[in-house]
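The values are calculated or read from the model by the stated rules, or taken from the named source; none is laboratory data. Computed from a prediction, not measured in an experiment: that's the story for all the values here. FYI the Cβ positions are ideal-geometry reconstructions off the backbone, even for glycines, and counts take in every protein chain you see.
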Amino acid sequence: MLSTIERRLSATLRDARRTAARRFFVDRQTGLWRSELAWLGVRSRDHARVTAVLEETPDTRTLVLEPPRGWVPHRPGQWTRVEIELAGVRTSRCYSLSSAPHDPELRITVKRVANGRVSGRLHTLRVGDALRISPAEGQFVLPTHPVRLLLLSGGSGITPMRSMWRALLQSDAADVVIVHHARTRADVIFAAELEALATRRGFRVVVRLDDEHARPGEGGFDVGALRTAVPDLEEREVFVCGPPAMMRRVEAMGLPRLHVERFAAMPRPAADPDATEVLVTLGGHASPGGRTIAARTDGALLDQLEAAGERPASGCRMGLCRTCSCLKRSGTVRHAISGAISDAPDEIIQLCVSVPCTDVELGPIVQHAVHAAPDERASERTLDPREKLARRSAQKVDPR
Amino acid sequence: MDTQSIETSGRFDPANGAVTSVVTSDATRDVTRSPMSPTTELRPAHGKSSRRLSRDEADALGRELDAIRAEVLADLGERDVAHIRAVMKAAGAASIAGRTLLHFGIDPVTFVLGTSALGLAKILENMEIGHNVMHGQYDWTGDPALRGDTYEWDIVCPGDDWRSSHNYEHHTFTNILGKDRDIGYQFLRVADEQPWELRHLAQPVTALALAVFFEWGVGMHDLRVAETTRGEQSLAELGRRSGPFLAKAGWQIAKDYVVFPLLAGPNAPRVLAGNVLANVARNLWTFSVIFCGHFPEGVRVYSEEETKDESRGEWYVRQINGSANLEGSRWMHLMTGHLSHQIEHHLFPDLPAARYPEIAPRVREICERYGQVYATGSLPTQLADVAKRIVRLSWPRRAKRAPSAAVA
């Protein structure tokens, strides 16, 4: 009871302090100076600083980071949204944290994607540079009680696994099989660590290389080989992260306890010659009566809205972070990854993975609210009541 | 509606388009003799007037402007972000320097320097930062510090009021009598088409007072006091609209006139005086820039009738004819928040304002090609023009002839 009052009081005080600060220090200028100071070396709440850059493979680097001030330790397997500025535009991508929660520093391990603007930029960072990262998120996390595990990864999908195995090294009762797939020996990320891990009690490491083990024309991942390597597969808690083709095959196995993390950007739905044109109506738009946009039934709403000049808030663009969540008033959309259909009115959908099937009426679209900045409250105040409602119900629907 | 009056007065010939200054001046006399009507067409601009465009012509002009717009949008990048951040840093630094000089200095030199620095900071924050950021000119960056829909600027007008009364009403219904509440701010008579009332006799004085207290005028604009006194708005609605304004004004008064002076202890009167002067300097400057943007001779007003189902191209044409530019140096443009390029601003209110000088020559060329007046002049000229107009229109009868007609 007392603590409730105390909490409420401190929240009120915090609000008052924030308002006063906003009114006295000309609003957003504080935010500006904060990011300036971050580059000068002052620790800030939303900037991490690069303290080392490690070459893992020819195309993969680990950024060792000093965590932002007030960083809440992540759970092994979680990711953070990294935000950088490209040609003046803030752009973010999700990266698994490859360090364990007890490690003194944070790590993200970044594979340079061909033509990838964000990964390309991250590879140019040097010691001392600052980058904005969001609090850790994600449900792809290690169970808290000891269980028998299979950590199954392909390529850069190994990054959340490192966080997990480092956490497991802390406990005595580990029973872990790590199966990792890479194209060639030179492409194995954390190769030395995997080698050392193989000698630890409770750990078994299987590394499969496409150029040495896979039969020609088979691609990297093979279900039969996995069953042979891990006969007690069905009894294990399975965590899988890798290229889309591998993920699909693993999901098709129907394993009872499967945890999946998708990090490849969402495959763009192939242009469908049979696609038809539908209308998407945006609520709460500046122009009276909303705005109606012609969209096609073979593309994600987010891409199509952006092509029409709208700037909805977005983050991961692969159905993870829910930055682009939006109220769908009516109409039917299909989830681009799971194929799930949402046809009931007033459902929350994620614009980045929702493909319209019929005419769709959307609620107000939140504009690029990057991540919880000090201005969050202010933006809440300017929302119209329906949108507030939508936000609240979004929080309810979202199991996170 | 006015097509007929245009033809009978012989002001344009849509067929050949070109209008000579002699014809224009004749037209001026026609207008001045004709009974006052809120729908009077076109006023000449310094001996020229814009050619009336057919819808097809207007749309062709619109497409050319859209092409410029698309080009700038595609080119937005690091340069624009660097510019606005540099201005924000300069304004922040000037504000800190100004306040420090006022707080700790004791001599008149630091007083003048401190007040000037603070005034400069307030002008930059008000014009290049506040006004432009709140237009959403930097929304594309995704930087929360540059977000237009939550920015709160350093004047007594609440940001949300401004976003609705300025960004939406004024920029959508620019210079439409009865819809653009910015025409004379509902109490000054700045267009012949506005009916004369007794209180307009005092408008040279009220306009001066508005200049000194301009931020208060802007802040109270959306309360619709005039509408309430005329019985068009209920007192309850006035009360509802006053809430955010009083809250914002309270914070501004507390900041500049109570807390900062008190923090200075024995230096309180000096800080208070410096803050008052800095705010007044900013008020005079913004008043001048904004009045020169829409009220010099040559800028015309429109009737609701003639803007009914207007096309995008025609909307562009109205923006051109409803605005006037100021000429000056790069620094002058910056200090006006690039509102010295009022025409470009009204055409593209959501493009970063620092881009206006770059596109201005092309906009001007398009205007010339389509026979549209691209009104422009130096700040003193335009300001004198506005002053003359305010004095002239304070009388019920119009001057014998408009200044521009004198050339004929």
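Of the helices (runs of 4 or more DSSP H) entirely within the stretch B:301-401, those holding at least 2 residues that are out of contact with any Ser or Thr (no Cβ under 9 Å at 6 or more places or on another chain) occupy B:312-321, B:330-335, B:356-369, B:379-392.
Only residues that are under 27 Å from B:PRO144 (Cα atoms), more than 14 Å from every other protein chain (Cβ to nearest Cβ) and either among the basic types (Lys, Arg) or under 12 Å from the mean Cα position of the chain (by Cα) (or both) were counted in the stretch A:83-114, giving 5. In the stretch B:131-144, the residue that is farthest from the other protein chains (Cβ to nearest Cβ) out of those that are free of Cβ contacts under 8 Å to residues at least 40 places away in the same chain and under 28 Å from B:ARG99 (Cα atoms) is B:MET134.
Listed by first and then second residue, the pairs linking a residue in the stretch B:380-408 that is at pLDDT below 50 to a residue that is among the basic types (Lys, Arg) and part of a helix (DSSP H, G or I), with Cβ atoms under 6 Å apart and 6 or more places separating them unless they lie on different chains, are B:ALA399/B:ARG392.
Scanning the stretch B:219-271 for residues that are in a loop (DSSP other than H, G, I, E, B) and either over 25 Å from A:ARG22 (Cβ atoms) or out of contact with any Pro (no Cβ under 9 Å at 6 or more places or on another chain) (or both) yields a count of 8.
The residues of the stretch B:112-162 that are among the small types (Gly, Ala, Ser), at pLDDT 90 or above and either within 17 Å of the chain's Cα centre (by Cα) or closer than 20 Å to B:MET332 by Cα (or both), listed by number, are B:SER116, B:ALA117, B:GLY119, B:ALA121, B:GLY130.
Figure legend. Inter-residue proximity from the stretch A:16-27: first residues more than 7 Å from chain B (Cβ to nearest Cβ) and over 17 Å from B:ILE96 (Cα atoms), second residues modelled with pLDDT under 75 and assigned to a loop (DSSP other than H, G, I, E, B), beta-carbon distance below 8 Å, spacing 6+ or different chains. Indicated pairs: A:ARG18/A:PRO374.
Please specify each residue of the stretch A:218-256 satisfying the condition of being touching a residue at least 40 places away in the same chain (Cβ under 8 Å) and in a helix (DSSP H, G or I). Within the stretch A:218-256, A:LEU226, A:ALA229, A:LEU233, A:GLU235, A:MET246, A:VAL250 qualify.
Among the listed residues B:SER303, B:SER311, B:SER340, identify the single one that is of a type in the set (Gly, Ala, Ser) and surrounded by fewer than 17 Cβ atoms within 10 Å (Cβ to Cβ).
Only one candidate passes the filter, namely B:SER311.
Could you look through the stretch A:65-82, keep only residues that are of a type in the set (A, V, I, L, M, F, W, C) and buried (at least 21 other Cβ atoms within 10 Å of the Cβ), and pick out the one that is nearest to the other protein chains (Cβ to nearest Cβ)? My answer is A:VAL82.
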